[in-house]
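Step one of this worksheet: look at the structure below.
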Amino acid sequence: MRRVSASLCASSRDRLAINMPTSSKEKEFVTYVVELMQPIGAVSAKRMFGGYGIFLDGLMFALVAEGLLYLKADSETENEFEAKGLERFKYNKKGREYSMSYYCAPEEALEDIDEMNAWAGRSFGAALRAAARKRG
């Protein structure tokens, strides 16, 4: 598997405008992420909302937006993301800022398959818990 360079989360989102990948680079990055996550199951990507949703067993547990990988978090896992200083996914709609329960993936997860398996597994667990809550 070939390593694909991509923008990684940092303390400032300002650099996104400079490092935002072209759509072909973003597709290559998404392919890399999906391949890296295969040990946890048949992970796939679906184009949506100007980015990509990353799915396993029909549940979205990660997303790629503006060339960055974000992993789903919940009350059981968000402290791990925050302890590493990772940013929550935010977007603007009609002049208002919204955030979702996804955090930027740590750099080491993009460089090490075992780290990715651990982080992706936590995020899939958060997606499973969210789905269970919705089912009641």
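Please verify whether Ala127 is modelled with pLDDT of 90 or more, crowded, with 20+ Cβ neighbours inside 10 Å and among the hydrophobic types (A, V, I, L, M, F, W, C), treating the condition exactly as stated. The answer is yes for Ala127.
The number of residues in segment 33-59 that are part of a loop (DSSP other than H, G, I, E, B), on the phi < 0 side of the Ramachandran plot and surrounded by fewer than 14 Cβ atoms within 10 Å (Cβ to Cβ) comes to 1.
Take Glu111 and decide whether it is of a type in the set (Asp, Glu), touching a Lys or Arg at 6+ places or on another chain (Cβ under 9 Å) and surrounded by 16 or more Cβ atoms within 10 Å (Cβ to Cβ). Outline the logic, then answer.
Details: of a type in the set (Asp, Glu): yes; touching a Lys or Arg at 6+ places or on another chain (Cβ under 9 Å): yes; surrounded by 16 or more Cβ atoms within 10 Å (Cβ to Cβ): no.
Against the criterion (of a type in the set (Asp, Glu), touching a Lys or Arg at 6+ places or on another chain (Cβ under 9 Å) and surrounded by 16 or more Cβ atoms within 10 Å (Cβ to Cβ)), Glu111 does not qualify.
Within segment 107-125, which residues are charged (D, E, K, R) and farther than 18 Å from Leu86 by Cα? Scanning segment 107-125 gives a single hit, Asp114. Filter segment 74-108 for residues that are surrounded by 13 or more Cβ atoms within 10 Å (Cβ to Cβ) and farther than 20 Å from Phe49 by Cα and give the result. Passing the criteria: Asp74, Thr77, Glu78, Glu80, Phe81, Glu82, Lys84, Leu86, Pro106, Glu107, Glu108. Each residue in segment 60-115 was checked for being among the charged types (D, E, K, R), over 18 Å from Ser44 (Cα atoms) and in a strand (DSSP E or B), and 5 pass. With respect to (1) of a type in the set (Gly, Ala, Ser); (2) at pLDDT 95 or above; (3) not in a strand (DSSP E or B), the lone exception for Ala132 is condition (2).
The values are calculated or read from the model by the stated rules, or taken from the named source; none is laboratory data. None of these values were measured; they are calculated from a predicted model. FYI the Cβ positions are ideal-geometry reconstructions off the backbone, even for glycines, and counts take in every protein chain you see.
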